Structure formats: structure tokens, C-alpha cells
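One structure is given here, and the rest of the page talks about it.
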Amino acid sequence: MTLRVLRALIRWLVSFNNLGFISTFKIIWLRVFRAKPDVLVEFSSKKFGKFMWNAKRDGGVISHFFTQQIEIFSPKDDLEVETIVDLGAHIGTETLRLAKLYPSARVFAVEAVRKNFEILEFNTRQLSSVTAIFGAIWSSPAKLKLLKPGGNESWRLEEVRGDEFDIKGMMLDDILVENDIREIDILKVDIEGAERELFSHSCLTWIERVKCIIMEAPDNDSPLSTQEIYRVFDAANYKFNTYVSGENLVFVRSDMDWKARTIEIY
């Protein structure tokens, strides 16, 4: 019990540093004392500007601002990040983090759930370097339906026939062409099992242009996906070093000296 209290205290101290006293107090009040009400709240944070989140739905992602998350660094201090693609941006917590860590980079944030995308647009509107894109990543142009398994599980996508669909799937190639992206320095992926579609053989046209991939391990949403992804990397002759950070796999192209580490204080 004492250890749990100590860990919680450390988290709130980190939050005070990153978000400020008022924003931290609001988070504690809404998530602890008001039992996670289904309300949308606007914050003005110390390090990440203004943002909104839903106290009931977005507690996990909002914690990214004050818990250990991934930072890519160069031991030789040779890190130049110009382009970041955030697939599965949700409400933009990782987008804001990445924009903070790499302020000279263009960030393209893609989100498939409309209510999340609307908050993402609000949360990133203050940053000219961020482009929010409404869409779902798939292996080919397709009609997709958003399915909610129930409980606290995330949305997932399923390809359907006919006219009853929620969103059209797009290929990553389409985003690269439309936004004149010739190389991706960091590709962050959290697309609830659609990783298998992203890293199908359709990725052979662009994978060699990606320097680093940060991917939430997808096997819980789509069993054996990681094994299939490794096979595609091998077919593409994509050579990489792998790092594990929490629930994420980090792939760094073999010609880069980059590595992954955790960060809490910004």
C-alpha cells in the first residue's frame, strides 16, 4: 500500500512539472473524486498548451503526459527528425508529445474515429507543424466498419461489402503522396490490430524510407501479427534493430545509430 501511494505521488509530481498545478488538480478531481464522469474538459497545460479530453474515455491516453513514454535519441548526438507520421493518433496526446520532443518536425496525425478526430483537431490546432488527417489505414482502398467489442476495449476495423460502412480505408502510400512525404523519420503505430494490414505486402513500396517505427505490440488485437510483420520485413530486406519499451516494439533501421529510451520530464 505504501509503495502504491509513493508511486502515485511521483506521478502527480511529474504531472505538476509537465502540466502545471491547475491541470493536475483537475485530473485528480475528475478521475478520483468524481469517479470518471463522461464529460469533455478543456485544459491549459504548462508544457503542451491547451487540450481537451474525456474524463471517462481518455484516462489511459492522458496519462502519457505524466508517465514514462518513449523518446528516440542518438548516442552520437546525430538525431535529425523532420517528418513524423502518427497512425492511430486518438485525441493527440502522442502527437503533442512528439511535437514537443522534435519541434522542427512536421507531424501527420491520422485518426479513424470521428469523435476522437474532432478532439485531435482541437488539441493540435495551435501547432502549425501538425496536420490532422481523418481516415483509416488499410492495405488497400476499402470500405470499413468500426466495431466496439465492449467494455474498455478499443475500436477495431473490419472490411465490409455493400453500402453500410463507417469510413473508407486508405493506404499509407496515399498519405505520403498527398503530403509530399519522401521519408519518414518516426512512424508511430497504434491502430488496434490493423497493423497486419499496414505491414502487409503493400508496405514494400515505402518501408525502406522509414527510419524508425514505434508500434504497440498488436498481437492482443490480432494474434500472430508480429510474426507476420517480421516476415514482411524480411521479404522487403528491411534490416533493423529491435528495442522493447513497455507495450511497444521499436524498430530502428540498421543504418541509423538511434535508440529508444523512456522520458517523463519535458
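Using r as the Cβ-Cβ distance of Asp255 and Ser128, and R0 as 30 Å, what FRET efficiency do you calculate, to the nearest 0.05?
0.45
For segment 1-48 and segment 107-121, what is the separation of their Cα centres, given in Å?
First find each Cα centre; the distance between them is then 23 Å.
For segment 1-105, what's the relative contact order in percent, using C-alpha pairs closer than 8 Å and at least 6 residues apart?
The normalised contact order for segment 1-105 reaches 22 percent.
What fraction of the DSSP beta bridges in the chain is antiparallel, stated in percent and rounded to the nearest 5?
Roughly 60 percent of the beta bridges in the chain run antiparallel, per DSSP.
Would you mind telling me the share, in percent, of accessible area of the chain contributed by carbon and sulfur at probe 1.4 angstrom?
50
Would you kindly state the longest site-free stretch of the chain, with sites defined as GluC sites (Glu not before Pro) in a DSSP loop (not H, G, I, E, B) surrounded by at most 15 other Cβ atoms within 10 Å?
Within the chain, the longest run free of exposed GluC sites (Glu not before Pro) spans 1-79.
Looking only at Leu98, Leu204, Leu187, which one moves most when the chain is put into a Gaussian network model with springs between Cα atoms under 10 Å?
Checking each option, the largest mean-square fluctuation is seen for Leu204.
Of the candidates Leu172, Leu13, Leu87, which one comes out as most mobile in a Gaussian network treatment of the chain with C-alpha springs shorter than 10 Å?
Ranking Leu172, Leu13, Leu87 by mean-square fluctuation puts Leu13 first.
What is the calculated FRET efficiency for Asn17 to Glu118, with r their C-beta to C-beta distance and R₀ = 25 Å, to the nearest 0.05?
The computed FRET efficiency comes out at 0.30.
On average, how much accessible surface per residue is there in the chain, in Å², for a 1.4 Å probe, leaving out ligands, DNA and RNA? Please report the intermediate quantities before stating the final value.
Numbers: 13580 Å² over 266 residues.
Roughly 51 Å² per residue, with all protein chains present.
Taking the dipole about the Cα centre of the chain, with the C-beta of Lys and Arg at +1 and of Asp and Glu at -1, give me whichever of Gly92, Ile62, Leu120 is farthest to the positive side.
It is Ile62, whose Cα lies furthest towards the positive end.
Below 19 Å Cα-Cα, how many Lys pairs turn up in segment 139-257? Only count pairs eight or more apart in sequence, or on different chains, if you could.
Going through segment 139-257 pair by pair, I get 6.
Remind me, relative contact order of segment 123-266 in percent, using alpha carbon pairs under 8 angstrom and six or more residues apart?
18
Stretch Glu80-Leu6 to full length: gain in nm at 0.36 nm per residue minus the Cα-Cα span?
Full extension from Glu80 to Leu6 adds 22.9 nm.
So which residue, out of Val61, Val210, Val107, gets the largest mean-square fluctuation from a GNM of the chain using Cα contacts under 10 Å as springs?
Comparing Val61, Val210, Val107 in the GNM, the peak value goes to Val61.
Taking the Cα centre of the chain as origin, work out the dipole magnitude from +1 charges on Lys and Arg Cβ and -1 charges on Asp and Glu Cβ, in debye rounded to 20.
Working: 35 positive and 39 negative charges, 274 e Å.
My answer is approximately 1320 debye.
Explain nothing, just the number: relative contact order of the chain, from Cα pairs under 8 Å at least 6 residues apart, as a whole percent.
17
The values are calculated or read from the model by the stated rules, or taken from the named source; none is laboratory data. What you see is a predicted model, and the numbers here were worked out from it, not measured in a lab. We place every Cβ from the backbone using ideal geometry, glycine too, and count neighbours over all the protein chains shown. Quick note on the areas: whole protein, heavy atoms, side chains included, nothing else; ligands and nucleic acids left out. Shrake-Rupley method; radii C 1.70, N 1.55, O 1.52, S 1.80 Å.
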